[in-house]
Amino acid sequence: MNDLTPHNFLADDTKIPFYQPVGNECALFEYAYQHQLPLLIKGPTGCGKTRFVAHMAARLMRPLITVACHDDLTSADLVGRHLIGDGQTLWSDGPLTRAVRQGGICYLDEIVEARKDTTVVLHPLTDDRRILPIERTGEELQAPEEFMLVVSYNPGYQNLLKNLKPSTRQRFIAIQFDYPAAAQEQQILMAESGIDSDMARRLVHLANQFRQLRHHDLEEAASTRLLVYAATLIQAGCDPVMACKAAMAEPLSDDADTIAALYEVIKASFGK
Ligand code: ADP
C-alpha cells in the first residue's frame, strides 16, 4: 500500500503546513497581522507564496479563505450576490465577506488578474476604516481585528493593462519573494518529497543552471514547485533523467530546440 502521509505536515498534530522561511517574512507577516495592515506578496510562480500564507494562517490559528483571481472575477464574486431559488431570493456571501465575518485571512492570489471594479471594495478595507460596504444589501461590515487581507501577484507577467494601480499598491506593505537560496531549497525538496540530501543538491544545482537561462531562451524559470515534482517522481523510483525532463524541461517551453538544449543539460547532470 502506498504511504499517503503528507510529508508537508509537522509530525505532531498541529497540522501547520511545512514552510521553510527564507528571510524575515514570518516576523513581518505577524507584525502586519497584529497591527491590521494588509500585505502584498510579489514573486514568480511556484516560489512559495501560497504555502507561506497557509503556514502563517495556521500558525495564527485563523481560517484561510483563498481566491484564485481570473479576468472575469468581479466585486460581486468577492462580496456576494442574491441567488434565486424556490421562489425566493437569498443573499449569499462571497469569499471576502465570509473572511470579514469570520475574522479570517483572505488571500487573493494573482490580484492583477481580477477586474478593475474589485478595487472599489478593497479600498475601504485596506485603509484605517477597515469596512466592507455591501452595496446590494445596504450592509456595512466593520472588519474585526483578526481579519487580514493578503494579495499576491507575479511582476514577471506584468503588462501595461495588468498592473496594480499605485493608489491600490500604496495601501499594502509588500514583500518580494524569489526562489529560495540553494541550501534552503534543498531542505524544501527533502521535506516535501523525502529524497536524500545528495539528490536534492543535484536537483537544485540543475534548476539554478536553468534559471540562468531566464530572459534568454525561457520566459519562466524552473520553479521550486517543478523541482518538488521532479523530486517526487525520483523518490517514487522514476529515472532522474526522465523525471527532470517531464517535470523541469517540458513544462517550461513548447519550442523543440529549447527542450533539446535543456535535455542536454539534464543528461550531463544525471546521465550515466
Ligand atoms: P506560489 O504560490 O508562489 O505559486 P506555492 O506556495 O504554491 O507557490 O509553492 C509551490 C510548491 O513549492 C509548494 O507546494 C511547496 O511544495 C514548495 N515550496 C516553495 N517554497 C517553499 C518554502 N519556502 N517552504 C516549503 N515549501 C515550499
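Every number in this text was worked out from the coordinates using simple rules, so none of it is lab data. Remember, predicted model here, so these are calculated numbers, not experimental data. Every residue, glycine among them, receives a Cβ derived from its backbone with ideal geometry; neighbour counts consider all protein chains shown.
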Exercise for the section: Quote the charge dipole size of segment 119-272 about the Cα centre in Debye, to the nearest 20; the model charges only the Cβ of Lys and Arg (+1) and of Asp and Glu (-1). Expected result: 220 debye
Handout entry: Separation of the R81 and A236 label points, Cα + 7 Å toward Cβ, nm
Key = 3.8 nm
Practice task
Please compute P(r) over all alpha-carbon pairs of segment 33-127, binned at 5 Å starting from zero, and give each bin as a whole-number percent.
Solution key: 3, 12, 20, 24, 20, 12, 5, 3, 2, 0
Exercise for the section: Report the convex hull volume per residue for the chain, counting only C-alpha atoms, in Å³. Expected result: 175 Å³
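Using only the Cα atoms of segment 204-272, construct the convex hull and provide its projected area averaged over every direction, in square nanometres to one decimal. Working shown, then result.
Numbers: hull surface 16.5 nm².
That works out to 4.1 nm².
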Exercise for the section: Please determine, in degrees from 0 to 90 and to the nearest 10, the orientation of helix 49-59 with respect to the longest principal axis defined by the Cα atoms of the chain, where the helix direction is its Cα long axis. Expected result: 60 degrees
Practice task
Evaluate the relative contact order of the chain (contact order divided by residue number), counting alpha-carbon pairs under 8 angstrom at least 6 apart; express in whole percent.
Solution key: 20 percent
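If you scale each eigenvalue of the Cα gyration tensor by 5 and take the root, what three semi-axes come out for segment 156-272, rounded to whole angstrom and sorted largest first? Before the final figure, lay out each step's value.
Numbers: eigenvalues 173, 72, 23 Å².
Equivalent-ellipsoid dimensions as semi-axes: 29, 19, 11 Å.
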Practice task
For the chain, compute the number of Lys pairs whose alpha carbons are separated by less than 20 Å, excluding pairs fewer than 8 positions apart on the same chain.
Solution key: 9
Exercise for the section: Please name whichever of A99, S269, F29 sits farthest to the positive end of the charge dipole of the chain, dipole taken about the Cα centre and charges placed at Cβ: Lys and Arg +1, Asp and Glu -1. Expected result: F29
Exercise for the section: Sort the following peptides by mean Cβ neighbour count (other Cβ atoms within 10 Å, averaged over residues), highest first: 221-227, 250-256. Expected result: 221-227, 250-256
Practice task
Once you have the Cα-Cα distance between A191 and L37, take 0.36 nm times their residue separation minus that, and quote the gain in nm to one decimal.
Solution key: 52.3 nm
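Run lengths n ≥ 4 of DSSP H only: what is the helix-derived mean residue ellipticity at 222 nm for the chain, with -39500 (n - 2.57) per run over all residues, to the nearest 500?
Counting only the DSSP helices, I get -10500 deg cm²/dmol.
Grab the Cα-Cα distance for T66 and D254, subtract it from 0.36 nm times how many residues apart they are, and report the gain in nm with one decimal. Numbers along the way, then the final one.
Values: separation 188, 0.36 × 188 = 67.68 nm, distance 3.06 nm.
Gain on stretching T66 to D254: 64.6 nm.
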